[in-house]
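This report refers to the structure that appears directly beneath it.
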Amino acid sequence: MTEFSETEKKALSNFVTHTEENIYAVQNVSPEIFGAFGSFFSRSPKDIREHLLDAIKGNIRGHKIEGGEERLEKLARTADEKEGDIYEHPQKGLQSGLEKSQSFFEKYYGTYGHKSIANTVWIPFVANDVSQIFARKLAEDQLAFFIEQSTRYVEFDKDNYYKDPDIMESEHSEKYTETIEKMTENYKEFTEIAKEYYREQLPYEEWLEKQSEETQEKSEGFLERKYKRELDGKALDIARFLLPQAIQTNIAWALDARSTEFDIASWKSSPLSEMNDAAEKLEDSGGQIAPSLLKYTEKSEYRSDKLNLYNGEFEMDSEGEEIEKGVEIISAPENLLNKLVAHTLKENNSCSFKQAFQKSEEMSYNEKIDVLERTVEGRNTYDEWVGRNEEYDIEKLTIEIKTDVGALRDLRRHQKNDRGENIYSLDMGYYRPEVVDEMPEKAGELFEETMQIAHEAEKQIREDFKLQAQYVLPMATMTTITMSIGLDQLQYFVNLRSTPEGNFSYREDAFNLAEEAAREYPWLLGLEEYPEGKGIKDVYRNAPVKELMRIQPGETDLHT
């Protein structure tokens, strides 16, 4: 390992957490520089710290510049913070040693491969005032890690919705605006009814009795705010079913440059003006972070053909039919218990899968269950995964979840599952939660009116703009998502989405998935057969094995 001078160590300390250890973290270095230097490991034995010093000193081969020693001394003094007048942000000092950075990057990206470098460069983005359709398109990228405005804690208003320019310049503009504004007005009125309903269901005094002693000792003001916040969250959870897809949200996400590059090209190819506009803004802002990486961003006619639904060539003659919530297993691996045990044995021995599988076949059912139980022995709340590596996800089930668009907003976050969705349409019906029937009659009237006017607008607009018509559809719209999912991802999905604090709609989806999986593979619960006529909650409570597929069947009155 290279030894550095004291001055070099001080200069490097601006950029790395350790100057002598073999393991360290990098700081104050732009993603593009880190990606470029990190990629050199495949072609050079030099440490990244050495590359950083080369950049500071201007000693990059073929890109040498003067003034390197002065920059080094300045960064060393910056680390000491002894002289305020010489302070300079470390990244500026580094970048000044890369004045020919574009030619440098262009040369080495071409030499070492563009895509592998782009995978290591992550760019943070923020989007304000984008529609729910935008959020869906972003979530299609499995590497987009994002957080968006919550429908539980944010109350939306009728003026905050996306006006699609294609529709607004057509004969449908008035219908579009009238429909969305009426939907959001209904949403506001429904929300107030829901708040009052839950207030009557759980008065403040009863709510207070259910709080922990620690919470009860808080100030009266704190408790009243907490009570109101939880009531509002409960009301908004049910009211969100009336929100149209045009309603705008705010999203922050991080994405690698390679995926960003693909998204830009894909969104440029989209028939939706909102995505075209987003592509241009993404290219501009991302290009300021990693200008050398966003290279292949041109509109693709190939992608455009797909995103334009192949110009209707695959449309079926049959009418869309209404669906109900549920989960269907499209395909499931045969002999999965033997395969799973074999994968576990192989992970822990020097043998082939064939050898491990033969051993698994020779074992009794109870011996196999013992193997599975051993893999989850000592598992606690924060041990999210069962497999040591990915062995529990090697074999995949293909499932279809039939649910509402609002729940799908959360389910598509499971990015390791390969996913596919259909076009939204109220032809497939809508989800009406049972609690609506328990609320004042006016709530049910608002709910039904919203579904009716949205469907009328959809049918009118889709005559000319099939994809843009999705903007008027409410969160209650029924749809489907298909997924390929391994057992580790399945148990994670079920546990996370069945939490009592979650939205009741996707909780139902989680229970449906757990039940179908347990019917297909009862050994997930330590059973040889799934008891007929029983729901998953009852079966799980009495199951001999609970740690392979954790389910949270409990209930809570309000959400924190």
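The values are calculated or read from the model by the stated rules, or taken from the named source; none is laboratory data. These numbers were taken from a predicted model, which means no experiment stands behind them. Because the Cβ atoms are built from the backbone with ideal geometry, glycine has one as well, and the counts that use them run over all protein chains shown.
Here the condition is being within 22 Å of Arg519 (Cα to Cα), among the charged types (D, E, K, R) and at pLDDT 95 or above; of Lys339, Lys359, it holds for Lys339 alone. For first residues located in segment 4-32 and without any contact (Cβ under 8 Å) to a residue 24 or more places away in the chain and among the aliphatic types (A, V, I, L, M), partners that are surrounded by 19 or more Cβ atoms within 10 Å (Cβ to Cβ) and in a loop (DSSP other than H, G, I, E, B) and lie 6+ apart or on another chain with Cβ distances below 9 Å form the pairs Val26/Phe15. With respect to the conditions (1) surrounded by fewer than 17 Cβ atoms within 10 Å (Cβ to Cβ); (2) within 29 Å of Gln460 (Cβ to Cβ); (3) of a type outside the set (Phe, Trp, Tyr), Pro433 lacks only one, and its number is (1).
To keep it simple, each residue is scored yes or no on (1) free of Cβ contacts under 8 Å to residues at least 12 places away in the same chain; (2) of a type in the set (Asp, Glu); (3) within 24 Å of Pro522 (Cβ to Cβ).
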position	(1), (2), (3)
Lys354	yes, no, no
Arg374	yes, no, yes
Ile399	no, no, yes
Gly406	no, no, no
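What's the number of the only condition in (1) polar (S, T, N, Q); (2) touching a helix residue (DSSP H, G or I) at 6+ places or on another chain (Cβ under 6 Å); (3) without any contact (Cβ under 8 Å) to a residue 24 or more places away in the chain that Asn119 fails to meet? Going through the list (1) polar (S, T, N, Q); (2) touching a helix residue (DSSP H, G or I) at 6+ places or on another chain (Cβ under 6 Å); (3) without any contact (Cβ under 8 Å) to a residue 24 or more places away in the chain, Asn119 breaks only (3). Of all residues in segment 272-295 being touching a helix residue (DSSP H, G or I) at 6+ places or on another chain (Cβ under 7 Å) and among the small types (Gly, Ala, Ser), which is nearest to Lys163 (Cα to Cα)? Selected residue: Ser273.
Scan segment 394-451 for residues that are in contact with a Pro (Cβ under 9 Å, 6 or more places away or on another chain), assigned to a loop (DSSP other than H, G, I, E, B) and not acidic (Asp, Glu) and the total you get is 0. The number of residues in segment 1-38 being farther than 15 Å from Leu53 by Cα and of a type in the set (D, E, K, R) comes to 2. Can you confirm whether Glu520 is at pLDDT 95 or above and under 30 Å from Phe241 (Cα atoms)? No. You will find that of Met428, Met451, the residue that is without any contact (Cβ under 8 Å) to a residue 60 or more places away in the chain, in contact with a strand residue (DSSP E or B) (Cβ under 8 Å, 6 or more places away or on another chain) and within 15 Å of Ala476 (Cβ to Cβ) is Met451 and no other.
Taking residues in segment 509-530 that are more than 14 Å from Asn495 (Cα to Cα), and partners anywhere that are acidic (Asp, Glu), the pairs with Cβ atoms closer than 7 Å and at least 6 places apart or on different chains are Pro522/Glu528; Pro522/Glu529. Using the structure shown, decide if Trp207 is touching a helix residue (DSSP H, G or I) at 6+ places or on another chain (Cβ under 7 Å), aromatic (Phe, Trp, Tyr) and either without any contact (Cβ under 8 Å) to a residue 60 or more places away in the chain or within 27 Å of Thr479 (Cα to Cα) (or both). Criteria not met by Trp207. Residues in segment 123-137 that are small (Gly, Ala, Ser) and modelled with pLDDT under 90: 1 in all. Taking first residues from segment 177-196 that are over 17 Å from Val154 (Cα atoms) and modelled with pLDDT of 95 or more and partners that are charged (D, E, K, R) and surrounded by 15 or more Cβ atoms within 10 Å (Cβ to Cβ), the Cβ contacts under 7 Å between residues at least 6 apart in sequence or on separate chains come to Glu181/Lys158. Scanning segment 315-368 for residues that are loosely packed, with under 11 Cβ neighbours inside 10 Å and either closer than 15 Å to Leu487 by Cβ or among the basic types (Lys, Arg) (or both) gives Ser331, Glu334, Lys354. Got a sec? Which of Thr120, Thr151 is at pLDDT 60 or above, closer than 20 Å to Ser285 by Cβ and either surrounded by fewer than 16 Cβ atoms within 10 Å (Cβ to Cβ) or β-branched (Val, Ile, Thr) (or both)? Residue meeting the stated conditions: Thr120. For segment 246-271, the set of residues classified as of a type in the set (S, T, N, Q) and either without any contact (Cβ under 8 Å) to a residue 40 or more places away in the chain or in contact with a helix residue (DSSP H, G or I) (Cβ under 9 Å, 6 or more places away or on another chain) (or both) consists of Gln248, Thr249, Ser259, Thr260, Ser266, Ser269, Ser270, listed by residue number. Taking segment 531-544, which residues are basic (Lys, Arg) and without any contact (Cβ under 8 Å) to a residue 12 or more places away in the chain? Within segment 531-544, just Lys534 meets the criteria. Kindly establish whether Glu390 is in contact (Cβ under 8 Å) with a residue 12 or more places away in the chain and either under 29 Å from the mean Cα position of the chain (by Cα) or buried (at least 17 other Cβ atoms within 10 Å of the Cβ) (or both). Yes, satisfied. Note on segment 7-49: among residues that are crowded, with 19+ Cβ neighbours inside 10 Å and among the acidic types (Asp, Glu), the one that is modelled with the highest pLDDT is Glu8. Selection of segment 250-279 for residues being assigned to a helix (DSSP H, G or I) and of a type outside the set (Gly, Ala, Ser) yields Arg258, Thr260, Glu261, Phe262, Asp263, Ile264, Trp267, Lys268, Glu274, Met275, Asn276, Asp277.
When segment 401-416 is filtered for residues that are under 23 Å from Gln149 (Cα atoms) and at pLDDT 90 or above, the ones remaining, listed by number, are Thr403, Asp404, Val405, Gly406, Ala407, Leu408, Leu411. In the set (1) in a strand (DSSP E or B); (2) modelled with pLDDT under 95, Ile485 fails one condition alone, (2). Considering only residues in segment 145-162 that are in a loop (DSSP other than H, G, I, E, B) and of a type in the set (Val, Ile, Thr), the one that is farthest from Ile133 (Cα to Cα) turns out to be Val154. Taken over segment 296-314, residues that are exposed (fewer than 15 other Cβ atoms within 10 Å of the Cβ), in contact with a helix residue (DSSP H, G or I) (Cβ under 8 Å, 6 or more places away or on another chain), assigned to a loop (DSSP other than H, G, I, E, B) and of a type outside the set (Ser, Thr, Tyr) amount to 1. Restricting attention to segment 491-504, does a residue exist that is touching a helix residue (DSSP H, G or I) at 6+ places or on another chain (Cβ under 6 Å) and assigned to a helix (DSSP H, G or I)? Within segment 491-504, one or more residues are touching a helix residue (DSSP H, G or I) at 6+ places or on another chain (Cβ under 6 Å) and assigned to a helix (DSSP H, G or I).
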